[in-house]
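Below: one structure, written as structure tokens.
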Amino acid sequence: MFRDFNRWSLPLLILVLQGLIFAVLLISKYKRKDNISDLFLSLILFISCYSQTCYTIGFMDWYDANRETKINYFLLDTTFVLGPLIFFT
């Protein structure tokens with residue numbers, strides 16, 4: 001699947017997965033208690049994990065091994081959204 005799964009990509013993968021799990025838990029808490037700050041915090045976590053996915057996939061040598069895949073064009077810089085989300089939280 002990946003050419004190189006090394007010591008640099010494993011901690012990043014663990015941290016991204018932990019952030020995504022916590023964001024899903026916050027969304028489930030938002031659905032139960034209808035607290036809007038839980039929704040904003042989960043969106044902040046999703047965006048932070050999404051921006052770290054670029055580095056995680058890069059350390060796994062995805063970009064070098066699979067140059068023609070669509071994931072090279074799908075990873076966008078969305079960190080500009082963090083400011084308004086933090087403001088509304």
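Just a few scattered comments:
- Residue in the range 16-28 that is at pLDDT below 85 and in contact with an Asp or Glu (Cβ under 9 Å, 6 or more places away or on another chain) present: no
- Looking only at the range 17-64, and only at residues there that are part of a loop (DSSP other than H, G, I, E, B) and of a type in the set (D, E, K, R), the one that is surrounded by the fewest Cβ atoms within 10 Å (Cβ to Cβ): ASP34
- Residue within the range 66-80 that is at pLDDT 75 or above and not β-branched (Val, Ile, Thr) present: yes
- Members of the range 5-16 that are assigned to a helix (DSSP H, G or I) and without any contact (Cβ under 8 Å) to a residue 12 or more places away in the chain: LEU10, PRO11, ILE14
The values are calculated or read from the model by the stated rules, or taken from the named source; none is laboratory data. Since the model is a prediction, treat every value here as computed from it, not as a measurement. In this analysis, Cβ positions are derived from the backbone assuming ideal geometry, glycine residues included, and neighbour counts consider all displayed protein chains.
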